[in-house]
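Down below is the structure, laid out as structure tokens.
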Ligand code: GDG
């Protein structure tokens, strides 16, 4: 079996099962590497006065991780800048929040070059290289410049937006051209893949070949949809843990038989948190009988707090949660519990299980793993109901959730009301189908599908077909 070199912006050394507070992506990448052996490379999260390219190697939970420190200016221009002030908002349809600054683009290219130079000595002849996410689109181009001709794959965890949005990005052609240095590009859903095909055909004069490969800039590349999943087995184990049971009991005791609606998200404007709270407020406003019977727990650990847009959304949510509680709370009932902290993964499992409704309302999301975790954590005999935004990649797979338009507080309130009163038979019927999907299309299936497609690149291209990049 080939060794895998995985590259992502941040590398978080895996921690013992359950205790982890890192997100789904980190868990997924650690799982991929345990199976295939190899190295996981990326930024340590630390800064250094001057970039040295010094590799720090460590082995944790069966995975070898290699990290490098970045200069402060790199972090500002590449991470806070091009990645999180330019690409993230634009790819989530927030053109109003998208900042175009030349220094960001330069920092982005510089860090990708530095990453490539640093990881280059670790790459052996038969390795597969798998690069992750929007921070690192130019990595393959830089590795090719350094003579790496191994199969290199790229997976985009966030949406590929409509071409009219991509076209607003100065130098978008260069970004697209960099993607053609890969052998395989993976998207979360057919929708994002279609948007990429559309962009290639209409904006850069490329074409979709009869075998599905894309051709542009004098190269061809394979592209496919590889919907990411969760480690469903591990999550089920976390749900059965003592920490999960304790958390469940704490919520039950504090909720005094009230129905809990739960939301869990990084505090990000793409997650539709304001719209969600407005939907919950509409539920309370329209249904006086439901007040006191229900409460909402929103867990929202802050992220990217050096970026202004994240400080703004945080302030708005503080105000909105305060407003709803001020307007509706009673001396012994608080409608919104809004919590800006991180919980351990096994505690999170207990929180999901204690909820009657999982409310997942992103305005745009590559996939959304929280929706899948909520399903995996339910009691099969008495499961809760998932209410899911149609704009999450997950909605294309999870059709038995109650699918809503998160921009409509009325629709959110209606779905919440329906979920809260749904009889057990319907809840079970919906949940069984959802759970089957979550367990089947899990993170191992995602990893294997991508790695096999990348392996296939090694096979000789049939005579007469265009050469793969
Ligand atoms: C990107 C894409 C795509 C959250 N709070 C806590 C906590 N989390 C964990 C969740 C979940 C993960 O973070 C969030 O994953 P999502 O998929 O919901 O969203 P992004 O972070 O935006 O991820 C997304 C994903 O990449 C994978 O491809 O699905 O579309 O945007 O796992 O559980 N985990 C713990 N404590 C918390 O308080 N332990």
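The numbers here are math on the coordinates, done by the rules we state, and not lab data. Bear in mind that the values here come from a model prediction, so they are computed numbers and not experimental data. Glycine also receives a Cβ, built like all others from the backbone with ideal geometry; neighbour counts cover every protein chain displayed.
Compute the acute angle (0 to 90°) between the alpha-carbon long axis of helix 102-119 and the principal axis of greatest extent of the alpha-carbon atoms of the chain; round to the nearest 10°. Value to nearest ten degrees: 70. Separation of region 273-306 from region 337-413 is 13 Å, based on Cα centroids. Cα centroid distance between region 170-201 and region 98-164, in Å? Their Cα centres are 13 Å away from one another. When peptides 244-254, 73-83 are ranked by their average number of other Cβ atoms within 10 Å per residue, the highest-first order is 73-83, 244-254.
Taking N as the number of residues in region 1-105, what is its alpha-carbon radius of gyration divided by 2.2 N^0.38 Å?
Values: Rg = 15.8 Å, N = 105, 2.2 N^0.38 = 12.9 Å.
Against the empirical 2.2 N^0.38 Å value, I get 1.22 for region 1-105.
Expressed to the nearest 5 percent, the antiparallel share of DSSP beta bridges inside region 306-464 is 10 percent.
The orientation-averaged projection of the convex hull spanning the C-alpha atoms of region 80-121 amounts to 3.0 square nanometres. Where only DSSP H runs of four or more residues are counted, the chain gives -12000 deg cm²/dmol as its mean residue ellipticity at 222 nm, each run worth -39500 (n - 2.57).
I'd like to compare 267-276, 111-120: which one has the highest average count of other Cβ atoms within 10 Å, and what's the full order after that? Could the numbers behind the result be given before it?
Numbers: 267-276: 22.7, 111-120: 21.2.
Ranking, from highest mean packing down: 267-276, 111-120.
For the chain, the spread of Cα coordinates along the three principal axes comes to 68, 50, 42 Å, biggest extent given first.
With a/c under 1.5 counting as rounded, go ahead and sort region 112-257 into rounded, prolate or oblate using the C-alpha gyration tensor (a ≥ b ≥ c being the square roots of the eigenvalues; past the cut-off, prolate if a/b is larger than b/c, else oblate). Provide the component values of the computation, followed by the final result.
Values: a/c = 2.61, a/b = 1.76, b/c = 1.49.
Prolate, since a/c reaches 1.5 and a/b exceeds b/c.
Looking at the square roots a ≥ b ≥ c of the eigenvalues of the Cα gyration tensor of region 281-344, which shape do they give, rounded for a/c under 1.5, prolate if a/b is larger than b/c, or oblate?
It is prolate, given that a/c is not under 1.5 and a/b is the larger ratio.
How would you classify region 305-377 from its alpha-carbon gyration tensor, with a ≥ b ≥ c the square roots of the eigenvalues: rounded for a/c under 1.5, else prolate if a/b is greater than b/c, otherwise oblate? Provide the component values of the computation, followed by the final result.
Numbers: a/c = 1.90, a/b = 1.14, b/c = 1.66.
Taking the square roots of the gyration eigenvalues as a ≥ b ≥ c, region 305-377 is oblate.
Computed from Cα positions, the angle between helix 24-36 and the longest principal axis of the chain comes to roughly 50 degrees. Above 28 Å, the calculated P(r) of region 232-440 contains 21 percent of its Cα-Cα pairs. Please figure out what share of the DSSP beta bridges in the chain is antiparallel and state it in percent, rounded to the nearest 5. Approximately 20 percent, going by the DSSP bridge assignments.
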